[in-house]
Amino acid sequence: MKLVFILGDAAVGKMTVGQQLMKITDLRLFHNHMTIEPVIEIFGYFEPKTIIELRDVIFRNFAASDNYGMIFTMMMAFDQENDWNYLEHVKSFFEPYGTEFYFVELIAPQEVRLQRNITENRLKHKPSKKDLEVSNQRLLRDDSNFRCVSYPGEITFDNYLRIENTDKSAREVAQLIKETFNL
């Protein structure tokens, strides 16, 4: 099995690239808002404990399946130990099955991400982003509070690819990922 992590800052294009990658491989997409949105709908607010528990069930059962592999997207704060620990937590479900891990970091400047924050595809799949003022403020606040772009050489994972995707389409980025990792 293969597990492709697509990491990066808010609105950098993780889900959209994942959608395109799923179209050209046998990988299944599990973008982070697939658990965030239903929990917000049910609870009326962001409830991280429930989101993590739901994800754990999906990871556990998917890892034990006969599927080719999964794409998992997550906003990664490289200066937060909890985010590094969460990557290891997710990997722990798949390691007993001999899973191959791949890490893709997407990078784009804030002005590009603010434009992407309001795209039709993003708003369709992430209803919690529909209040654009709140969503944009959250993006700006996260940019000032967290470091969501790695330092050169900081990522030491095997099978790591860093892509500056400002001027690349999601389809081009997905094709690059597929070819680089032979997916």
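The values are calculated or read from the model by the stated rules, or taken from the named source; none is laboratory data. Everything quoted here is computed from the prediction, not taken from an experiment. Note that each Cβ is placed from the backbone with ideal geometry, even for glycine, and that neighbours are counted across all protein chains shown.
Structure data summary
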quantity: Odd one out for ILE71 among (1) surrounded by fewer than 16 Cβ atoms within 10 Å (Cβ to Cβ); (2) of a type in the set (A, V, I, L, M, F, W, C); (3) within 14 Å of HIS31 (Cα to Cα); calculated: (1)
quantity: Test set (1) touching a Cys at 6+ places or on another chain (Cβ under 8 Å); (2) assigned to a helix (DSSP H, G or I) - GLU41 fails condition number; calculated: (1)
quantity: Selection within the stretch 130-183 - among the small types (Gly, Ala, Ser) and either farther than 17 Å from LYS14 by Cα or assigned to a helix (DSSP H, G or I) (or both); calculated: SER135, SER144, GLY153, ALA170, ALA174
quantity: Long-range neighbours under 8 Å by Cβ, at least six apart or interchain, first residue within 13 Å of CYS148 (Cα to Cα) and modelled with pLDDT of 95 or more within the stretch 7-23, second of a type in the set (Phe, Trp, Tyr) and surrounded by fewer than 24 Cβ atoms within 10 Å (Cβ to Cβ); calculated: LEU7/PHE103
quantity: Every pair of residues 6+ apart whose Cβ atoms lie under 6 Å, when the first sits in the stretch 58-86 and is without any contact (Cβ under 8 Å) to a residue 24 or more places away in the chain while the second is not small (Gly, Ala, Ser); calculated: ASP83/MET76
quantity: Criterion: without any contact (Cβ under 8 Å) to a residue 40 or more places away in the chain and either within 18 Å of the chain's Cα centre (by Cα) or surrounded by 17 or more Cβ atoms within 10 Å (Cβ to Cβ) (or both) - qualifying residue of LEU114, LEU132, LEU176, LEU139; calculated: LEU176
quantity: Criterion: in contact with a Lys or Arg (Cβ under 9 Å, 6 or more places away or on another chain) and surrounded by fewer than 16 Cβ atoms within 10 Å (Cβ to Cβ) - qualifying residue of GLU53, GLU47, GLU100, GLU105; calculated: GLU100
quantity: Residue count for the stretch 55-78, restricted to those that are among the aliphatic types (A, V, I, L, M), in a helix (DSSP H, G or I) and farther than 30 Å from ALA108 by Cα; calculated: 2
